[in-house]
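Nothing in this text is a laboratory measurement; each read-out follows from the coordinates by a stated rule. Here the structure is a predicted model, which means the values were calculated and not measured. Glycine also receives a Cβ, built like all others from the backbone with ideal geometry; neighbour counts cover every protein chain displayed.
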Amino acid sequence: MCSDVYTVYRVVSRRQESEGGASLVLDGSLRADPGQFVMVWLPGIEERPLAVMNDRPLSLTIRDVGPFTHAMCRLQEGDRVWVRGPYGHGFDVRSRRMLLVGGGSGIASLTLLASRSLDEGREVRVALGARTSSQLMLGWRFDELGIPVLYATDDGTVGARGTTVDAIEPLLRAGWPDAVYACGPEPMMIALGRRLRGTDLPLYLSFERTMKCGFGVCGNCHLGDQLVCRDGPVFEGEKVLRVLDPLAE
Ligand SMILES: Cc1cc2nc3c(=O)[nH]c(=O)nc-3n(C[C@H](O)[C@H](O)[C@H](O)COP(=O)(O)OP(=O)(O)OC[C@H]3O[C@@H](n4cnc5c(N)ncnc54)[C@H](O)[C@@H]3O)c2cc1C
Ligand code: FES
């Protein structure tokens, strides 16, 4: 259930993720659907949306890109965070063989989807991408779940040299997935949409647009005529790429 009232959590453990990233386990749980997000407030700094990386216990993974995420990455055991939510519509899961594609901080939106789907008896494979190996996040979590991971880095320091869209090509050619689920930089999601255009594979995309209120009031997060916080963050690929991709029909 969504709560607009803040709950105060304490950090129980912290894991260094990559050269500018961390995962935090908090001292409580929260019931969330895969793909939903919470608004996290650090008094005196900022409030920002973060994906529910795990809901029992509530866990977050943060990529250090600015003042709020920097402060989150420096939290230590016992420090407090204020959390409201969860918010938004998560992933629509109907397929049996699921291919998850993640880049940057977007990878955090896919871990709960992976674990829940495995619990439901679905097959899951993952492709993770970053500019270079030291920026890859959360590979350990998919390893823990026993999910095969394809890595792609721009400089070839881990996995295939190139993008996640290149890395999944063999699985697409083999006709492996029934559906594709992605979260990452918008150019990655546009490239994925272009690759899948003309196939009948359902594509679900989760967006990380700048947010203020988190529940459809301020208009900060619009994507065409949709609000990412209220109508998303997960959208059917075809619908949203009509707005985003200049090459889409
Ligand atoms: C639904 C949703 C879920 C999200 N989940 C996560 C998550 O689990 N983990 C996480 O780390 N972030 C996540 N984000 C993004 C996160 O909210 C932003 O990174 C955050 O707003 C940055 O705040 P800041 O004050 O640190 O930096 P800001 O001052 O807001 O931004 C600093 C710079 O970083 C750029 N920037 C902002 N967001 C990103 C980004 N995602 N990737 C790269 N550059 C960016 C900005 O354009 C700006 O140039 C999510 C966003 C949404 C909408
Ligand atoms: S963040 Fe305010 S409307 Fe979406």
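Between Arg96 and Val12, what is the FRET efficiency for a Förster distance of 45 Å, r being their Cβ-Cβ separation, to the nearest 0.05? Don't skip to the answer; put the middle values down first.
Values: r = 35 Å, r/R0 = 0.78.
Using R0 = 45 Å, I get an efficiency of 0.80.
Taking the Cα centre of segment 3-87 as origin, work out the dipole magnitude from +1 charges on Lys and Arg Cβ and -1 charges on Asp and Glu Cβ, in debye rounded to 20. Please report the intermediate quantities before stating the final value.
On the way: 10 positive and 11 negative charges, 26 e Å.
Using only the charged Cβ atoms, the result is roughly 120 debye.
Taking the simple approach of a point 7 Å from Cα along Cα-to-Cβ for both His222 and Asp155, what is their distance in nm?
For the pair His222/Asp155, the computed spacing is 4.0 nm.
Using only the Cα atoms of segment 50-115, what are the Rg and Dmax in Å?
Values for segment 50-115 (Cα only, Rg and Dmax): 13.7, 40 Å.
Under the 0.36 nm per residue contour assumption, what length would be gained going from the current alpha-carbon distance of Leu247 and Glu46 to full extension?
Separation in residues times 0.36 nm, less the Cα-Cα distance, equals 68.7 nm.
Quick one: the Cα spread of segment 97-244 along its three principal axes, in angstroms, biggest first?
41, 34, 33
Gain in length, Asp178 to His89, computed as 0.36 nm per residue apart minus the alpha-carbon separation, to one decimal in nm?
That works out to 30.0 nm of additional length.
Order of Lys239, Lys212 from fewest to most other C-beta atoms within 10 Å?
By the 10 Å Cβ count, ascending: Lys239, Lys212.
About the Cα centre, and with charges only on the beta carbon of Lys, Arg (+1) and Asp, Glu (-1), how big is the dipole of segment 118-249? Nearest 20 debye, please. Don't skip to the end; give the middle numbers.
Working: 14 positive and 19 negative charges, 57 e Å.
Charge dipole, segment 118-249, about its Cα centre: 280 debye, nearest 20.
Between segment 152-179 and segment 9-83, how far is it from one alpha carbon centroid to the other, in angstrom?
Distance between centres, Cα-based: 29 Å.
Extending each Cα 7 Å along its Cβ direction at Arg80 and Asp119, get the distance between those two points in nm, one decimal.
3.0
Compare the Cα positions of Leu112, Gly224, Gly78 along the charge dipole of the chain (+1 at Cβ of Lys, Arg; -1 at Cβ of Asp, Glu; about the Cα centre) and return the one farthest towards the positive end.
After comparing all options, I get Gly78.
Taking a quarter of the surface of the convex hull around the Cα atoms of the chain, what do you get in nm²?
If I average the Cα hull's projected area over directions, I get 12.7 nm².
What is the pair-distance distribution P(r) of segment 39-157, computed from all Cα-Cα distances in 5 Å bins starting at 0, with each bin given as a whole percent?
2, 10, 20, 21, 19, 15, 10, 4, 0, 0
Just the Cα atoms of segment 3-87, one point each, no solvent: what log10 I(q)/I(0) does Debye give at q = 0.16, 0.17 Å⁻¹?
With no solvent term, the Cα-only Debye profile gives -0.52, -0.59.
Note the full-extension length gain between Arg197 and Arg31 as 0.36 nm times their separation in residues minus their Cα-Cα distance, in nm to one decimal.
56.3 nm
As an exercise, use a Förster radius of 25 Å and the Cβ-Cβ distance of Arg131 and Thr210 to find the FRET efficiency, rounded to the nearest 0.05.
0.70
Based on Cβ point charges of +1 for Lys and Arg and -1 for Asp and Glu, what charge dipole magnitude is obtained for the chain about its Cα centre, in debye rounded to the nearest 20? Provide the component values of the computation, followed by the final result.
Details: 28 positive and 31 negative charges, 31 e Å.
The calculation lands at about 160 debye.
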